[in-house]
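S.K.: First the structure, which I've put down as C-alpha cells, then a few questions once you've had a look.
Throughout, read-outs are computed from the coordinates displayed, never taken from laboratory work. Because the structure is predicted, anything quoted here is derived from the model rather than measured. Quick reminder, even Gly has a Cβ in these numbers, built from the backbone with ideal geometry, and neighbours come from all protein chains shown.
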Amino acid sequence: MDSKLTAQPNVYNNVYQSDYQSDYQNNHDDEIDLFELWNGLVQEKWTIFLSFVVVVLLAAVYAFTATPVYQADSYLLPPPVEKVLPINEFATVLGTKRQDPEALFTQFQKNLESRMTLKLIFDKYNLIKIYNSDLDQLSGVDKIQAEKTAFTDFIKDFSIKIPKGNVVSKQITVSLALPLSEQEVADLLNNVVKTAEERTIDEIYQELVAERQSKINILKNRKFGIRQVAQDKRMDRIAQLDEAIRISQQLGIDKPVKERDFNATLYLMGADFLIAEKAALESRKNDDAFIPGLRELQEDLHELKRLKIVKSGFGVMTLDQAAIYGDKIKPNKALILAVAGVLGLMLGVFIALIRRAVKNRAQADLTTE
C-alpha cells in the first residue's frame with residue numbers, strides 16, 4: 001500500500017509535464033517570428049518590386065494621359081454707391097422703394113447661382129459635348145436623360161463660396177472647373193458672371209419701366225375720369241338751367257331779382273341770364289380750363305412720359321478680380337504617383353505573404369509524408 005502511494009505523484013507529474021509541453025508548443029506555433037517574416041519578404045523582394053512597378057506604371061499612364069481639368073476663380077463685391085444712385089433716382093421719381101448695395105448684391109447672387117443663368121451658358125457654348133460626346137447617337141428619352149445628367153454635372157462643377165458668420169468682408173468667390181484649356185475655363189466663368197449681372201440689371205430695369213407705365217396708366221385714368229365727371233357736371237348744370245328758365249319765364253322774371261339766394265332759387269336770376277349761361281355751356285368744346293388740378297395732373301403725366309430710364313449706369317456688383325487663367329487641379333501627378341507607390345508596396349507585400357504561406361504549407365505537407 002505504501003508503494004502505491006509513493007508512485008502516485010509521479011503519474012501526476014508526468015501528466016502535468018505533458019500538458020505543459022503541449023501548451024508551450026501550441027503557443028510557440030501561434031507566435032509570429034518577425035525575423036522569419038522579414039527573411040521571407042526579402043526572398044520575395046522581386047515580387048514586391050514588380051508589384052510596385054506595375055501599379056506605379058499604371059498610375060503614371062493615367063496621370064499623363066488623363067484629360068486635365070482647370071479651375072478658374074473670380075472674386076466679387078457689392079456695387080459701389082455711385083452705381084446704386086441712378087437706380088434710386090428713378091425709384092424716387094416713381095415713388096418706389098430705394099435700394100441699398102447689399103440688397104442689389106443679394107439679388108445678383110440669386111441670379112448667379114440660378115439654374116436659368118447656368119443653362120444659358122451651358123446651351124450657348126454647347127458644353128454638353130464635354131460631358132457626353134456620344135449625344136448625337138442618342139434619341140428620345142435617352143437623349144433627354146443624358147442632357148439632364150450632363151447639366152447636373154455642370155452645376156456641380158460650378159461653385160460659390162459665401163462668407164459665413166461675422167465676416168466683415170462681403171466678398172464672394174466664384175469657381176468653375178472644366179476639362180478645357182485654362183483660358184477657355186476663365187472666359188466661361190467671366191461669361192457666367194456677366195450673364196448674371198445682365199439678368200439682374202435687366203430685372204431692375206424692367207421693374208422700373210413697369211412701375212413707370214403703371215403710374216402713367218393711373219394718371220391717364222384719373223385724367224379721363226375727371227374730364228368725364230366735368231362733362232357730367234356741365235350736363236347737370238344745363239338740365240338745371242332748363243328747369244330754371246321755364247320757371248322764370250312762367251313767372252315773367254327776365255332780369256335777376258336783387259338780394260336773393262340764387263343758388264337756392266336759380267330762376268330768380270332771370271330768364272335772360274339763364275339762357276345766356278345755357279348757351280355758353282352748350283357751346284363749350286371741352287371743360288379742361290374749368291377743371292381744378294387738371295393741369296398739374298397733365299404735367300405729372302408729361303414728366304413720366306418724358307422720363308427715360310437708362311440702365312447703362314446701373315450696378316449690382318463690383319468685379320474685384322476677374323478670372324484670368326485656370327489652375328490645373330486634375331490630375332495631380334505627384335499625388336497620384338505617391339499614392340500608387342504606397343499601394344504598390346502594400347499589394348506587393350500582400351502577394352509576397354500569400355506566396356510564402358503557400359510555400360510553407362507545401363513544405364509542411366512534404367515533411368509529413
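S.K.: What spacing in nm lies between the two simple spin-label points modelled at residue 251 and residue 319, each 7 Å away from Cα in the Cβ direction?
M.R.: 8.5
S.K.: Now a separate question. Multiply the residue separation of residue 129 and residue 367 by 0.36 nm, subtract the distance between their alpha-carbon atoms, and state the gained length in nm to one decimal.
M.R.: 79.1 nm
S.K.: What shape does the stretch 184-306 take by its C-alpha gyration tensor, where a ≥ b ≥ c are the square roots of the eigenvalues and a/c under 1.5 counts as rounded, a/b above b/c as prolate, and the rest as oblate?
M.R.: prolate
S.K.: Sort the following peptides by mean Cβ neighbour count (other Cβ atoms within 10 Å, averaged over residues), highest first: 125-131, 230-236.
M.R.: For the peptides 125-131, 230-236, the packing ranking is 125-131, 230-236.
S.K.: Using the Cβ atoms and a cut-off under 15 Å, what net charge is assigned to the surroundings of residue 192, where Lys and Arg are +1 and Asp and Glu are -1?
M.R.: Working: positive: 110, 115, 119, 124, 156, 161, 194, 199; negative: 73, 113, 123, 157, 184, 187, 197, 198.
My count for the surroundings of residue 192 gives 0.
S.K.: Quick check: from the Cα gyration tensor, does the stretch 102-218 come out rounded (a/c under 1.5), prolate or oblate?
M.R.: It comes out oblate by the Cα gyration axes.
S.K.: Follow-up question, since we're still on this one. Within the stretch 324-363, what residues put their amide N at less than 17 Å from the label point 7 Å along the Cα-to-Cβ vector of residue 50?
M.R.: Hits in the stretch 324-363 for residue 50 at 17 Å: 344-359.
S.K.: Subtract the Cα-Cα distance of residue 206 and residue 162 from 0.36 nm times their separation in residues, and report this length gain in nm to one decimal.
M.R.: Here the answer is 13.1 nm.
S.K.: A further question on this structure: Multiplying the sequence separation of residue 103 and residue 343 by 0.36 nm and subtracting their Cα-Cα distance, what value in nm do you get? Can you show the working numbers first?
M.R.: Values: separation 240, 0.36 × 240 = 86.40 nm, distance 5.22 nm.
In short, 81.2 nm is gained.
S.K.: For residue 286, what charge total do you get from the other residues with a beta carbon under 14 Å from its beta carbon, if Lys and Arg give +1 and Asp and Glu give -1?
M.R.: +3
S.K.: When only Cα pairs under 8 Å and 6 or more residues apart are kept, what is the percent relative contact order across the stretch 217-365? Spell out each step's value before the answer.
M.R.: Numbers: 70 pairs, mean separation 31.6, N = 149.
Worked out over the stretch 217-365, it gives 21 percent.
S.K.: Taking the simple approach of a point 7 Å from Cα along Cα-to-Cβ for both residue 296 and residue 85, what is their distance in nm?
M.R.: Result for the modelled spin labels: 3.1 nm.
S.K.: Could I ask something else about it? Go ahead and run the numbers for FRET between residue 153 and residue 110, Cβ-Cβ distance against an R0 of 22 Å, rounding to 0.05.
M.R.: Details: r = 22 Å, r/R0 = 1.01.
Rounded to the nearest 0.05, the efficiency is 0.50.
S.K.: To continue, here is another question. In a shell of Cβ-Cβ distance under 15 Å around residue 92, excluding residue 92 itself, what net charge do Lys and Arg (+1) and Asp and Glu (-1) give?
M.R.: -2
S.K.: Next up: List the pairs from 156/330; 255/285; 119/156 whose alpha-carbon separation is above 20 Å, in the order I gave them.
M.R.: From 156/330; 255/285; 119/156, over 20 Å: 255/285.
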